[in-house]
Amino acid sequence: MKKTLSPLIVLILVTACATTLPEPTSTPLPPTEPPPTPLPEPTNTSIPPTQVPQPTNTSIPPTQIPQLIEVTFDGTGCTVIGPTEVPVGLLTSIFIDQSDLIANVSLWVVSLDDGKTTQDMIHEQPEPGVWWPKASWVHHEHRRSSKAVESDDGRVVSTTWYLPKVAEHTLICMWYPQILWIAGSIMVVEAPSE
């Protein structure tokens, strides 16, 4: 026996397949979040000193302004402008490399053991500009930050050093392990009491 579809089912199928869907309407949906509340106006209320966070590293005074020294290297020697004595703490060096060397020469600050001087380093060096291994009584100081830029004057590097030791320090221009120029010395002394 052959089954046939009832006329009602055929009509429903034809109507469903031939019916076009209505165009979507643009009905705004209700917001899911309330509008932001405006921020209160700032007040001129001071914070009591007991609530101000204190620095955890007390070895460096937070308000200390670094001393400034400038060293220029021309490929055959160094020129130093700045103080010869600075207090324990921060030192900012401006190093200007005006040499035409292929590699970047850099400035280093080294501390010397008690009883040693920059003159001792000069005596250790075979001749100015010649590299030689670092003596056991010479210690590299810590760079806190450094930034280099190219300028018309050459490569300029600004570095902030932390010098914690009361001692004579030596400024050296070097390209490891090719050249080493002793630029000069700087004495680090106790910071003045406030």
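Read-outs throughout are calculated quantities, based only on the coordinates presented, and are distinct from any laboratory measurement. Keep in mind the model is a prediction, meaning the values are calculated, not measured. Don't worry about glycine lacking a Cβ; one is built from the backbone with ideal geometry, like all the others, and counts go over all protein chains shown.
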Among LEU107, TRP131, SER145 the positive-end extreme of the charge dipole of the stretch 103-194 (Cβ point charges): SER145
Using distinct alpha-carbon pairs, which all enter the 1/r mean, Kirkwood radius of the stretch 95-194 in Å: 14.6
The stretch 109-172: chymotrypsin sites (Phe, Trp or Tyr not before Pro) in DSSP loop, at most 15 other beta carbons within 10 Å: TRP131, TRP137
FRET efficiency, HIS142 to ASP100 (Cβ-Cβ, R0 30 Å, nearest 0.05): 0.50
Dipole in debye (nearest 20) - the stretch 134-185, about Cα centre, beta carbon charges: Lys, Arg +1; Asp, Glu -1: 260
